[in-house]
Amino acid sequence: MRRIGSSARLLGPLPTRQRFLRPPGRPLQAMNDLSAAQPEPAEQGGESPSLLAQMAAGVAFANNRVPEGETRAQRLHRLRHSAAHVLAEAVLQMFPEAKFGAGPAVENGFYYDIDLPRSLVPADLEEIERRMKKIIKRGWPFAAAQVPLDEARQLFGGANQGYKLEILDKIAGRGEATVSLFRQNQFVDLCAGPHVSSTGKLKFFKLTKLGAAYWQNKAGNPMLQRVYGTAWETQEDLDAYLHFLEEAKKRNHKRLGEQLDLFHFHPEAPGAAFWTPRGFAVLQTLLSYWRDQQRRRGYQEIFNPMLYKKDLYIRSGHYKHYKDDMFIIHQEDTEYCLKPMNCPDTFLYYTSKKRSFRELPLRVAEGGILHRNEVAGALNGLFRVRQFMQDDAHIFVMPEQVESEIFEVLDIVREVYALFGMSWSLTLSTRPESFMGEAALWDQAEADLKAALDKTGEKYSLDVGGGAFYGPKIDIRIDDCLGRKWQCATIQLDFQQPLNFDMKYTASDNTPHRPIVIHRAIFGSFERFIGVLLEHTGGALPTWLSPVQAVVVPISDKSLDYAWQIAKRLQSHGLRVEVDDRSEKMGYKIREAEMLKTPYMLVVGEKEAETGTVSVRTYKDGARPQGSVEAVEAEICDVVARRVFDVEVKPLRTFDSEPESAAADDEY
RNA sequence: GCUGGCGUAGCUCAACUGGCAGAGCAGCUGAUUUGUACUCAGCAGGGUGCGGGUUCAAGUCCCGCCGCCAGCUCCA
C-alpha cells in the first residue's frame, strides 16, 4: 500500500495536497453497465413513493427545527447539506436502484457519492438539475425523526442501502442508541442535520462537476460516482462563485505555460517538464535568486550524485518505506536508485569527516534533480511531476541552537513570500502517538519551535500529534490571489537520521555528541512554485522574473539600427531584451508583446531616433509619453535589482470566509 | 493505481447516423515601411496517439496499450 505525496511524513519535505492509495487489488464495482434499463422518469416530481419512502412510512417525522443565531458559514453549511439531499432525491427519481454513500457539505458547495448502475455523463447533470429545480419549486418541508438504531437498520436494509448500514455500524460503534433521519418528499436520509425548513429555500445552486471517489475514501473500496454542486444564499454570491471558477480556469498554469511558451510536456517523458528558452529563463532567474539568498544567509551549496546503490536508502529507511515511489535501476547484479530526496546523500557529506561544534550550525543546501515515481493518475502539470528540483537544505545543529536557527529559517520564509505578494499561514505539528526518541528531547524541541514562532510575531495554529515520527515540524501554506492555499514550505526537525547515519560532532569538552537535523524547503519544488506563481499572477510575472523583460519595437525598418542600439545598451546590464525586427506593423508587434505579457515595450521610430528617446509602454499601465533612454534604463535596472513585485494581482474574494452579508438573517 | 472523459497539422478546433480529412492562428515566400492589441497575397503542412480486429469502406465501431484531463481532501 502506498500513499501519494506522503513524503512530507518521511524524511524530506514535499508539499502534499492529496493522497491516493496504491490499489490493493480488490475488484471494483462495474460502473459502465449500459445494458441496465433506464428507469421511466417520474415526471410528477416523485409523487409515486420511492422504496426509501415506503420503508420509512411508519416513521413519525416532525417539523425540522431550524437553529437560531448561526454564523453565515453555518447557514451555508446547512443550505448546502440540504442541497445534497435534494440532489440525492433527483438521482433517486432517475435511478430507483441508486445506493447512497455520503453527501456532505464541503467548502463552497456539496457533493453526494452514489453507487449507480451506469456512469453519469454531463447531460445527466442537466437532467438532475432540472429535477432538483422541480423539487425546490414544490417547497417540500424537511422533516426530522429520531429512531432506534435497529429500526434504522431495518429501514435502510429494506431499501437496499448497504452503505447506510455501514454508517449505522460505525455509529453503533460510538455507542449511540438512536439516530436521526431527515425526510423531504420521497427521500429519506440518515443525517445529523440541521437542514433548511423546506426545499424552497434552495434557490441558488448549480451542479458543477462529476467525479469518482472510493467509498469511505479507501482505495480498494467500491468506487462511487460523486456529483459536485455549489449553493448560495443569493444569486450574486452564486454568480461571483461561478465567475471565480472561470477565472481559476483562465489562470491554469498548464494553459499559461503553453500560451506564454514556457514549458511543454511530452508523452515520451510523462511527468517531466521540458523548459523552453523563455521558461528556462524564469527557472534560472528563480534559482539564482535562491543561490544569492543562500549565500547571504550562510548556507553552503553542495552538488551530489543522482544515482546511488540501494544501500544508502536501506540505511536511511527509504528503501523500506518509500520504495514504491523510487525509480530503481538494475545494472548487472547491482540495484541503483535515482535519488528521491536530498537528505541521505547530504548526510554522507556530513559524515565524510570529523565535525567540530565550531562548525555548527552547519547549513548545507542542495538543489539537485530528484525523481519520484508518482502514480500516473496523480501527475498534474508542474504541480505534481516525477522530476523536479527543491530548494532543499539541511541544517546540522546542537540542541541549544534549534530555536535561533528556526527563527532564521522563518525569516527566510517571510523574505521569499513577501517578494511575491503572498500571505501565508503557519502550523506547528507536535509529537504523534508513535514517535521515536526521548520524550524530553521532543518537549524541548517543541518548546524551541514555539519560542521561535512567537518571536516572529506571526500567528500560527497547532496540530497536536501531527508531527512526523522522527520529529516535530512547521508547515507553511501560502494563499494566492484567488484565496487558494498551497503548501510549499516545511521545516522539520529530525532526531532519527542522525542515529541512522551515526552523525557526531566533537563538543568543547572533546566528547562526541549527536547533532539534530533541520530539514527545510521554502519554495518546495521550484517547478511547483512556478506553477503556483503563474496561477497567482495570471502569467504576468514581475519584471525581474519575466522571460523577456523588454522588447524594443521599431516602427519601421528605418528605425532598426536605433532599436538595436537601445537593446544592446539594456542587454549590457544583463537584462533580457529583444528587438521585434519583423517587417510588421507596430500594432501587430505590440499585440504580440501584450499577449506574451512583456513588462516593457519600448517603441522607437524616427522621432525617437532623432531625439535619442524612447516611447515606453508597460504591460501594467499602458502607453507613456516619450522619455529619455537613461530614465527607462535606470527604471528597469532598479526594479530588477530590487526584485520589485511590479505586477497587479487582482485579489478575488474568498467566499466562505466572507463577512456576514446583509441578507443574513433570513430564516432557512 | 482506480472511475469517467478525451487524443485529428506546431497550436486551437471542424468532419451528421462508418462513405473524397477541413479551417483559423503559427510557419515559409513575396508585396507592404507601418505610431501603441492582428496589413495583403500565395505556398507548404496530416499513414487522425500506438498496435490489433470488424467492414466493400474506419478519424468514426470493437479489443489492448500509451498519454492527457477531471475526480479519488471535507465522511450521518
**Asked** Among A:Gly257, A:Gly193, which is the only one that is within 11 Å of RNA strand B (Cβ to nearest atom), in a helix (DSSP H, G or I) and touching a Phe, Trp or Tyr at 6+ places or on another chain (Cβ under 7 Å)?
**Response** A:Gly257
**Prompt:** Tally time: how many residues in the stretch A:604-652 are part of a helix (DSSP H, G or I) and either touching a residue at least 60 places away in the same chain (Cβ under 8 Å) or under 40 Å from the mean Cα position of the chain (by Cα) (or both)?
**Reply:** 11
**Complete:** Within the stretch A:85-108, the residues that are within 9 Å of RNA strand B (Cβ to nearest atom) and among the β-branched types (Val, Ile, Thr) are A:Val106
**Request:** Using the structure shown, decide if A:Gly157 is over 18 Å from A:Phe110 (Cβ atoms), open to solvent by 10 Å² or more (accessible area, probe 1.4 Å) and away from RNA strand B (no atom under 13 Å from the Cβ).
**Result:** yes
**Request:** Filter the stretch A:369-383 for residues that are open to solvent by 10 Å² or more (accessible area, probe 1.4 Å) and within 9 Å of RNA strand B (Cβ to nearest atom) and give the result.
**Result:** A:Val375, A:Ala376, A:Gly377, A:Leu379, A:Asn380, A:Gly381, A:Phe383
**Item:** A:His243 within 30 Å of A:Leu541 (Cα to Cα) and within 11 Å of RNA strand B (Cβ to nearest atom)
**Value:** no
**Fill in**
Considering the stretch A:196-239, residues that are within 15 Å of RNA strand B (Cβ to nearest atom) and part of a helix (DSSP H, G or I), and then whichever is most open to solvent (accessible area, probe 1.4 Å), we arrive at A:Asn217
**Message:** Out of the residues in the stretch A:487-508 meeting the condition of being more than 15 Å from A:Pro361 (Cα to Cα) and at pLDDT 95 or above, tell me which one is most open to solvent (accessible area, probe 1.4 Å).
**Reply:** A:Asp502
**Message:** Consider the stretch A:546-580. How many of its residues are in a loop (DSSP other than H, G, I, E, B), surrounded by fewer than 16 Cβ atoms within 10 Å (Cβ to Cβ) and within 16 Å of RNA strand B (Cβ to nearest atom)?
**Reply:** 1
**Prompt:** Tell me, which residue of the stretch A:50-69 that is buried (at least 18 other Cβ atoms within 10 Å of the Cβ) and part of a helix (DSSP H, G or I) is farthest from the chain's Cα centre (by Cα)?
**Reply:** A:Met55
**Item:** Enumeration of residues in the stretch A:604-623 that are farther than 30 Å from A:Phe645 by Cβ and within 9 Å of RNA strand B (Cβ to nearest atom)
**Value:** A:Gly605, A:Glu606, A:Lys607, A:Ala609, A:Glu610
**Request:** Any chance you could count how many residues in the stretch A:303-314 are out of contact with any helix residue (DSSP H, G or I) (no Cβ under 6 Å at 6 or more places or on another chain), of a type outside the set (Val, Ile, Thr) and in a helix (DSSP H, G or I)?
**Result:** 1
**Complete:** Contact list, first residue from the stretch A:162-173 and in contact (Cβ under 8 Å) with a residue 60 or more places away in the chain, second anywhere and surrounded by 15 or more Cβ atoms within 10 Å (Cβ to Cβ) and small (Gly, Ala, Ser), beta-carbon distance below 7 Å, six or more apart or interchain, is A:Tyr163/A:Gly101
**Fill in**
Screening A:Val639, A:Val649, A:Val644 for residues that are away from RNA strand B (no atom under 15 Å from the Cβ), in contact with a Cys (Cβ under 8 Å, 6 or more places away or on another chain) and not hydroxyl-bearing (Ser, Thr, Tyr) leaves only A:Val649
**Request:** Return yes or no: is A:Ile476 buried (at least 21 other Cβ atoms within 10 Å of the Cβ) and touching a Leu at 6+ places or on another chain (Cβ under 6 Å)?
**Result:** yes
**Message:** Taking the condition of being near RNA strand B (Cβ under 8 Å from one of its atoms), farther than 19 Å from A:Pro277 by Cβ and outside any loop (DSSP other than H, G, I, E, B), how many residues in the stretch A:581-603 meet it?
**Reply:** 8
**Message:** I'd like to know if the stretch A:418-436 contains one or more residues that are open to solvent by 50 Å² or more (accessible area, probe 1.4 Å) and assigned to a helix (DSSP H, G or I).
**Reply:** yes
**Request:** May I ask you to say which residue of A:Val397, A:Val413 is surrounded by 19 or more Cβ atoms within 10 Å (Cβ to Cβ), more than 30 Å from A:Leu256 (Cβ to Cβ) and touching a residue at least 60 places away in the same chain (Cβ under 8 Å)?
**Result:** A:Val397
**Request:** Filter the stretch A:287-302 down to residues that are part of a helix (DSSP H, G or I), touching an Asp or Glu at 6+ places or on another chain (Cβ under 9 Å) and open to solvent by less than 40 Å² (accessible area, probe 1.4 Å), then give me how many there are.
**Result:** 4
**Asked** Restricting the stretch A:344-357 to residues that are touching a Phe, Trp or Tyr at 6+ places or on another chain (Cβ under 9 Å) and among the basic types (Lys, Arg), which is least open to solvent (accessible area, probe 1.4 Å)?
**Response** A:Arg355
**Output for the stretch A:593-622, where each listed residue is open to solvent by less than 20 Å² (accessible area, probe 1.4 Å), in contact with a strand residue (DSSP E or B) (Cβ under 8 Å, 6 or more places away or on another chain) and not acidic (Asp, Glu)** = A:Ala593, A:Thr598, A:Pro599, A:Tyr600, A:Met601, A:Leu602, A:Val603, A:Val604, A:Gly605, A:Val614, A:Val616, A:Thr618
**Prompt:** Could you list, in sequence order, the residues of the stretch A:167-190 that are in contact with a helix residue (DSSP H, G or I) (Cβ under 8 Å, 6 or more places away or on another chain), surrounded by fewer than 15 Cβ atoms within 10 Å (Cβ to Cβ) and outside any strand (DSSP E or B)?
**Reply:** A:Glu176, A:Ala177
**Complete:** Output for Cβ contacts, cut-off 6 Å, separation at least six or different chains, first residue over 17 Å from A:Arg131 (Cβ atoms) and touching a residue at least 24 places away in the same chain (Cβ under 8 Å) in the stretch A:91-120, second within 8 Å of RNA strand B (Cβ to nearest atom) and of a type in the set (A, V, I, L, M, F, W, C), reads A:Asp113/A:Ala102; A:Asp113/A:Ala213; A:Ser119/A:Met31
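The values are calculated or read from the model by the stated rules, or taken from the named source; none is laboratory data. Please read all numbers here as calculations on a predicted model, not as lab measurements. Virtual Cβ from ideal backbone geometry, glycine too; neighbours counted across all protein chains shown. Heads up: the accessible areas ignore ligands, DNA and RNA and are worked out on the full protein's heavy atoms, side chains in. Shrake-Rupley method; radii C 1.70, N 1.55, O 1.52, S 1.80 Å.
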